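The next block holds one structure in the form of structure tokens; read it before the comments.
Throughout, read-outs are computed from the coordinates displayed, never taken from laboratory work. What you see is a predicted model; the values in this text were computed from it and never measured. We place every Cβ from the backbone using ideal geometry, glycine too, and count neighbours over all the protein chains shown.
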Amino acid sequence: MLRLETLNKEQVENVYNERMVIDFPKDELKPLDVLYRAMDNGIYEPLGLFDETGIIGYTFLVKHNRDYLVDYLAVYPQQRNLGSGGIMVRMLSEYLKDAENLIAEIENPEYAENEDDRVLQTRRFGFYTRNGCSDTGLRVRCFGVPFMILRWGKKENEDLDALWDLYQSFYRIMLPKDLFKKSIKPM
């Protein structure tokens, strides 16, 4: 039986060093000390997806009030294409059922550097939409990476300006002001 559990710093360090450095491009990976600082400040929630053998996936969330941004989400390679990712997304929706907003950022396939990246990014978009997410239409550039902003839940027709303000709020609480100003841009 699968379950989501909060990860402690030791578990976060293991996931970061064993998986995140492989699962995510370097330009999308925040330094471990930034994640620890956010955890200490109560604005970051790292969750592991566990089965009877141990951790098989993870998702890290930025939280601000009753709003959440999925910062990272991945399943371990041996669990990919077996439905574990979809189960984790559905479990996350249930885990955050009282959340006001739950959004995610995924790489925009329109800006893929090559065909392999475009195919992977398009598959990722399909994964999220099959599992209850909708495209908000908001496009951002975060640390130079072009992202599409997706949302879980019922607020599909929200004003893009309000959504842009919400998106920025997550990074305002995570980043120093000067780094925020030069790194987070609408497209």
Original post:
In terms of the Cα gyration tensor, with a ≥ b ≥ c the square roots of its eigenvalues, is the stretch 1-101 rounded because a/c is under 1.5, prolate because a/b exceeds b/c, or oblate?
Top reply: oblate
Original post:
Using alpha carbon centroids, what distance separates the stretch 106-138 and the stretch 1-62, in Å?
Top reply: 22 Å
Subject >> Projected label distance in nm at Arg130 and Val21, using a 7 Å step from Cα toward the beta-carbon >> reply: 3.1 nm
Original post:
By how many nm would the segment from Arg172 to Arg90 grow when fully extended, if each residue of separation counts as 0.36 nm and the alpha-carbon distance is taken off?
Top reply: 26.7 nm
